[in-house]
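Worksheet: the structure to be examined is printed underneath.
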């Protein structure tokens, strides 16, 4: 394993203290070694007090980081934490406007100007984004947060960075409890043939794509007790475009439509009225469904994927979840992971519900 030197990181820490007028005493002054998602050992002089999160997929890391109560005080800079018009971090961090908001193309020099103790990036950005940052002596810790299996490990990494391993384990235990409940309920059940599509429209022309077989969307479908029909067609490392002819050839029992830029329920309503879609089994049986979300769609490898999994299992196997109250599950998610009370939920979260939600 490679040990990442941090002598310059200590110098940057001292410089940051001078630039900011002094920092609060570090609650954990002991040296810290973090084993990141690339299995590298990153040596830090102590628990970092100035954290920067940047790069593609930023909001997924940021939403996980804010599970830790220490995040608002220690994160000094991050990329745009929103998706479309929504920005969850701006809602929950009272000091969000005081933080440095980095552009998508922020380089090593811009990041260095924030005097970070550590930078957190998605691991696929190691060569393009991470190496130039490390080259000027700033430690980088990589995470994935791409699959259910990676979540406990990456939460533990953040637990080290934010000096709160207990919180990391509490969050991991929540995910274990939820996934275990679902997988036990669907084990041995007949799996309906299912299709998950992401919808987009350009110049009035609709396009549909399916996710790769190892992506979160496909993993969720399998865990929820579905039989994804698209896996052999989902080639490569990104979304694969499929035609209506291919969708009709699969003719699955249930179809779930994702839309990132508009309400998926409105998309589904248009498809149901389309004569080309009406012969499909899923449409005829009332099983063409709009994948739900709130500020962000729940199909993504954001902390909300557990809500997507819960909703999906209830739709695929309603007989196994007769008492499922999805609104109560959403409220519990925000209370458990973010400490948000019922008033905050009713004002800021519930009005953003979209897709097939009550």
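The values are calculated or read from the model by the stated rules, or taken from the named source; none is laboratory data. Predicted model, so just to flag it, every value in this text is computed and none were measured. Cβ placement follows ideal geometry from the backbone for every residue including glycine, while neighbour counts extend to all protein chains displayed.
List of remarks:
- Search result, residues across the stretch 278-290 that are touching a residue at least 24 places away in the same chain (Cβ under 8 Å) and over 16 Å from residue 229 (Cβ atoms): 279, 290
- Test result for residue 170, in a helix (DSSP H, G or I) and at pLDDT 95 or above: yes
- Entirely in the stretch 238-327, the strands (runs of 3 or more DSSP E) that have 2 or more residues that are closer than 30 Å to residue 180 by Cβ and in contact with a helix residue (DSSP H, G or I) (Cβ under 7 Å, 6 or more places away or on another chain): 254-259, 288-290
- Only one of 188, 225 that is on the phi > 0 side of the Ramachandran plot and touching a helix residue (DSSP H, G or I) at 6+ places or on another chain (Cβ under 8 Å): 225
- Residue 105 meets each of the listed conditions (1) under 22 Å from residue 137 (Cβ atoms); (2) out of contact with any strand residue (DSSP E or B) (no Cβ under 7 Å at 6 or more places or on another chain); (3) buried (at least 16 other Cβ atoms within 10 Å of the Cβ) apart from (3).
- Considering the conditions (1) farther than 23 Å from residue 349 by Cα; (2) in a loop (DSSP other than H, G, I, E, B), residue 67 is excluded by exactly one of them, (1).
- Selection count, the stretch 70-100, where residues are outside any helix (DSSP H, G or I), surrounded by 12 or more Cβ atoms within 10 Å (Cβ to Cβ) and out of contact with any strand residue (DSSP E or B) (no Cβ under 7 Å at 6 or more places or on another chain): 7
- Any hit, the stretch 19-33, residues being at pLDDT 95 or above, in the same structural domain as residue 102 (by TED's automatic domain parsing) and not in a loop (DSSP other than H, G, I, E, B): yes
- Odd one out for residue 219, checked against (1) farther than 25 Å from residue 277 by Cα; (2) assigned to a loop (DSSP other than H, G, I, E, B); (3) modelled with pLDDT of 95 or more: (2)
- Here the condition is being touching a helix residue (DSSP H, G or I) at 6+ places or on another chain (Cβ under 9 Å), crowded, with 21+ Cβ neighbours inside 10 Å and part of a loop (DSSP other than H, G, I, E, B); of 208, 145, it holds for 145 alone.
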